[in-house]
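*Asks:* Have a look at the structure that comes next, please.
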Amino acid sequence: MTLPDTAVNPAGADRTFQVDLRGLVDLLSHHLYSSPRVYLRELMQNAVDALTARHGLEPAAADAFGIRVYADGSVVRVEDDGVGLTEADVHTFLATIGRSSKRAEGIAEQRADFIGQFGIGLLSCFLVADEIHVLSRSARTPDAPAVEWRGRGDGSYSVRTLPASARPRPGTTVTLTPRADAAEWTRPAQVHALARHFGSLLRHPMTFDDGTGGPGAPVASVNPEPAPWARTYPTPGARSRALAAYGADVFGFTPLDTIELDLPAVGLKGIACVLPETVPAGRRHGHRVHVKGMLLSEQAEEILPEWAFFVRCVVDAESLRPTASRESLYEDDTLAAVRDALAERLRAWIARAAASDPDLLGRFLQAHHLAVKSLAVHDDEILRMLLPWLPFETTDGHTTLDEFARTHRTVLVTSSVEEFRQVAAIASAAGLGVVNGGYTYDRELVHRLPEIRPEAVVADLDPATLTAHLDPVDRETELAAGAYLALAREALAVFDCDVALRTFQPASAPALLVDSREARHERTRSQLAREQEGGLWGDILGALRHEAPRAQLILNQLNPLVRTAVTIDEPELARTSAEALYGQAAMLSRRPLRPAESSLINRSFLDLLAHALRKDS
């Protein structure tokens, strides 16, 4: 007789999840860990945590404990002198996915002393091997037996108890037999390189052996020296040189300067290396973050604010929390506080350079003025210290705002790069001091100059200001050119452009097109409103419409070409010359040309060419 399923598993009864270990390992390899190489970091991390736990049991003997890594091409082995495991521990922690020994009773209250706290690290070994062999002996119980655990990728495992002689000393040995497809990560040279990569700053001594020297042969030290900021140096200069050399070795460039970082509240120490060359605004560099000596990430952007893209950091911290993959930092209040504190250290370095090292400050600003500008916008202290020193593009060339303000009592600033390029030469000839405010942060910073220098006057440059500094022509000249100007206005009416005759320097400039971006936008909006008249969209645009100032083409009477053009008495040729002058002035303004303007430039050129050919023939 076969019982129905409901008799075996009554409705509503609890059931246990069935775990596909192979599928779980595939999930880890593709979504949790960035690379199979993390298997060695996880083994080293477990060894460090085991040593930390044993240090709590035997603090006096802690200096004798260490980690040994062995790889000869056929096996990879990581051995530690840590606290070890009992048979009960093996069943509890190694055979239960997600269970961590750091959660065990008596250790839970010390979890902050451990690097790993998620209990899934050992599974990473299945990324390179089909079987994990663990031999361990507990240091908590005198004369404890050794315990052997074998876990396989199919989800099965076996446990057996061995005599204490199988492992004479307490601790744990994990042995992997790599798969053929994992040779890239398990070759002796690669294992040695990974051990140094992840463990160069570990506090516990760690060695590597590739098996070529035989029993008793000397082995290579993975971390022979403590972190450079933890060493003692004979002089401050020697310390600075050592930190700079370490930064150059880690990042591959010679720092412009090194900033020592020390936050005792979270046990953070390290250095920030100032990049010697300009980097694009907003490009955030990855920083090397170690947690309790173990390398966590080489791309930890979150350790510094966005504006600090002029430095790269390497730090070691005690209290920062890693994520489950232990490849990035957990975003919490502690990380936010650390980020703010490190930002303050960078501000303090800038302040010291401004106060005591003008040469360093000059080299720093030459490379990273954009980063400082972004900081000065939001930081009044940096603004007061550095605004006079910051370089800007002006009608006097690239110069500091302090020097420019001494020459020009009224500082005019444009709202865009194209407007500056449009007026720079003429404004300079007219004696106007104009700053290019089109670059990121520049216009806002220039307007804050009176906060630093109350005697300075800052104003936006508008077309009226510029045209007011252009000299009018005499009445007779104006009347003589009247017919030409009327034809020119008619020809350019389609562009909402007026035409005027003035004199200005340089005489080589035949015409100046005075137009603002806001006026162009307003004219475009008005045109769309006319085209959409009667519809909902047209009503909306009509409600937004304002009376926009017209563009103005100012012809230069000092230019020989213009003096010849205004005497043309042939209407079509006069119109064509006016269109050509408008097109040339539009191109010189370096703003994007509208399709109608591009068409006008091509047409006027061909018409003038045809006229010249007819005249010659």
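*Asks:* Taking a spot 7 Å from the Cα of A507 along the direction of its beta carbon, which residues of the stretch 553-567 have an amide N less than 16 Å from it?
*Replies:* 556-565
*Asks:* Specify whether the C-alpha gyration tensor of the stretch 327-382 places it in the rounded, prolate or oblate class, a ≥ b ≥ c being the square roots of the eigenvalues: rounded for a/c under 1.5, otherwise prolate if a/b is larger than b/c and oblate if not.
*Replies:* Prolate, since a/c reaches 1.5 and a/b exceeds b/c.
*Asks:* Name the residues of the stretch 235-261 whose amide N is less than 11 Å from a point 7 angstrom out from the Cα of R352 along the C-beta direction?
*Replies:* 240, 258-261
*Asks:* So, with +1 on the Cβ of K and R and -1 on the Cβ of D and E, and no other charges, what is the size of the charge dipole of the stretch 237-324 about its Cα centre, to the nearest 20 debye? Mind dumping the intermediate values first?
*Replies:* Values: 9 positive and 11 negative charges, 22 e Å.
Computed charge dipole of the stretch 237-324: roughly 100 debye.
*Asks:* In nm, to one decimal, how far is the modelled label at D332 from the one at L613, with both set 7 Å along Cα→Cβ?
*Replies:* The answer from the label model is 8.0 nm.
*Asks:* Sticking with this one: Leaving ligands, DNA and RNA out of it, rank H287, H378 by accessible area with a 1.4 Å probe, largest first.
*Replies:* From most exposed to least exposed: H378, H287.
*Asks:* Now for a separate question. Quick one: ranking D569, D130 by accessible area, 1.4 Å probe, largest first, what do you get?
*Replies:* Sorted by accessible area, descending: D569, D130.
*Asks:* Extent of the stretch 363-479 along each principal axis, from alpha carbon coordinates, in Å, largest to smallest?
*Replies:* Each principal axis gives a Cα extent; for the stretch 363-479 these are 58, 27, 21 Å.
*Asks:* Separate question: Is the shape of the stretch 361-403 best called rounded, prolate or oblate, per the rule: a/c under 1.5 gives rounded, else a/b larger than b/c gives prolate, else oblate, with a ≥ b ≥ c the square roots of the Cα gyration tensor eigenvalues? Before the final figure, lay out the partial values.
*Replies:* Values: a/c = 1.89, a/b = 1.49, b/c = 1.27.
Prolate is the answer for the stretch 361-403, as a/c is 1.5 or above and a/b outweighs b/c.
*Asks:* Using the Cα gyration tensor of the stretch 230-329, with a ≥ b ≥ c the square roots of its eigenvalues, what is the shape: rounded (a/c below 1.5), prolate (a/b larger than b/c) or oblate (neither)?
*Replies:* Details: a/c = 1.97, a/b = 1.13, b/c = 1.75.
Note, shape of the stretch 230-329 comes out oblate.
The values are calculated or read from the model by the stated rules, or taken from the named source; none is laboratory data. What you are looking at is a predicted structure, and each value in this text was computed from that prediction instead of being measured. We place every Cβ from the backbone using ideal geometry, glycine too, and count neighbours over all the protein chains shown. We work out accessible area using only protein heavy atoms, side chains counted, and drop any ligands, DNA or RNA first. Shrake-Rupley method; radii C 1.70, N 1.55, O 1.52, S 1.80 Å.
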